[in-house]
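Down below is the structure, laid out as structure tokens.
The values are calculated or read from the model by the stated rules, or taken from the named source; none is laboratory data. Since the structure is predicted, the reported quantities are computational estimates derived from the model, not experimental observations. Because the Cβ atoms are built from the backbone with ideal geometry, glycine has one as well, and the counts that use them run over all protein chains shown. Just the protein is used for accessible areas: all its heavy atoms, side chains included, with ligands, DNA and RNA removed. Shrake-Rupley method; radii C 1.70, N 1.55, O 1.52, S 1.80 Å.
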Protein chains: 2
Amino acid sequence: MDQLSERYLEDFVVGQTFGSGRLRIDGERAVAFAAEFDPQPFHLDEAAARRSIFGGMTASGWHTAAVTMRLLIETEFKPAGGIIGAGFDECRWIRPVRPGDELRVECELIEVRPSKSRPKQGMVKLRITTINQNDDPVLVQVANLVVPRQVTIAETTGP
Amino acid sequence: MDQLSERYLEDFVVGQTFGSGRLRIDGERAVAFAAEFDPQPFHLDEAAARRSIFGGMTASGWHTAAVTMRLLIETEFKPAGGIIGAGFDECRWIRPVRPGDELRVECELIEVRPSKSRPKQGMVKLRITTINQNDDPVLVQVANLVVPRQVTIAETTGP
């Protein structure tokens, strides 16, 4: 990891945006992911997929979410200590993701605040939109992430 | 899938609970999952993990979420047509998941309602708590799931 590009709470401002490159959803990988974590017939079998609400093969929503994490890591959003999620306020799968789709993420900081209880930490809210090759959103999340604060030597007297 | 056990919106009631068996988090699988979807040093390397906020190796939160889906599918919560997530109102990773942890889920229906716009569909809210072998919650989610309504023959005149 490039230490120089790591950022602290003080470096983040509401309205900052971050984007990723693209990652293609491979059909065989999507089936293998579903077989391990989401083994429902419509994720595993063409005929069952056609009969389902999706009308054809789709990646598990959890596969899309995991790929979104991978894409987020590749953006310039690089808090010191890594991307540490406390959770999500919201998460919506908007459209199915099909084999061969190419996904990317667009992110925007919508809140930046110090922690009330932990002086060396802050929290940011990041709206993460996962977008397909037609520029249609497929997944929208609002993530709560833990970000370290820049602490001076005088403050670092604890263990 | 056991067709007889499939349920429609009319079969679900607020307060119903569903539980799963246990699934062990394998350390090598956790590293492989992280290498593919969450390749941050603290998920890949023992020394980096010890220096991190987690103090040791942990599974990616997305691995925990994916395993939670797998466990949910194994419960008696079986809507006709499968478990179709529209999204989440809330998702919080409460505790780290360590290699060797044994996870299970406990679920409770907290809302059941017909769709306003789609007469053949309803929505349920399911609180899903993922719990480790010490009975401590590690992940809490409130999922919005699409569930079909039982339609009479008179209503099924469409294609």
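Convex hull of alpha carbon positions in the protein assembly as shown: directionally averaged projected area 18.0 nm². In a simple Cβ point-charge model (Lys, Arg +1; Asp, Glu -1; nothing else charged), the protein assembly as shown has a dipole of about 560 debye relative to its Cα centre. Note that the stretch A:3-157 presents 47 Å² accessible area per residue, ligands and nucleic acids not counted, probe 1.4 Å.
When both the stretch A:17-47 and the stretch B:1-76 are represented by their alpha-carbon centers, they are found 16 Å apart.
In straight-distance terms, cross-link reach from residue A:78 covers every one of the aspartates and glutamates whose alpha-carbon lies under 12 Å from its own, apart from those fewer than eight places away in the same chain; here that gives A:2, A:6, A:11. Helix B:27-37 axis versus longest C-alpha principal axis of chain B: approximately 70°, rounded to the nearest ten. Heavy-atom accessible surface, probe 1.4 Å, ligands and DNA/RNA ignored: which residues of the stretch B:42-67 lose at least 30 Å² versus the isolated chain? Flagged in the stretch B:42-67: B:42, B:53, B:62, B:66.
Only helical runs count toward this figure. For chain A, summing -39,500 (n - 2.57) over DSSP H runs of n ≥ 4 and dividing by all residues gives -6000 deg cm²/dmol at 222 nm. In the stretch A:87-119, burial by the other protein chains removes 30 Å² or more of 1.4 Å probe accessible surface, compared with the chain on its own, from A:88, A:91, A:93.
Once both axes come from the Cα atoms, what is the angle between helix A:61-73 and the longest principal axis of chain A, in degrees from 0 to 90, rounded to 10? With both axes taken from Cα atoms, the answer is about 40 degrees.
For chain B, which whole percent of the accessible surface, found with a 1.4 angstrom probe, sits on carbon and sulfur atoms?
Carbon and sulfur atoms account for 50 percent of the accessible area of chain B.
Leaving ligands and nucleic acids aside, the B/A contact buries around 3000 square angstrom of accessible area in total at a 1.4 Å probe radius. Principal axis extents of the C-alpha atoms in the stretch A:3-157 (largest first, rounded to whole Å): 65, 27, 25.
Computed from the C-beta positions of residue B:22 and residue B:80 and an R0 of 41 Å, the FRET efficiency is 0.90 to the nearest 0.05.
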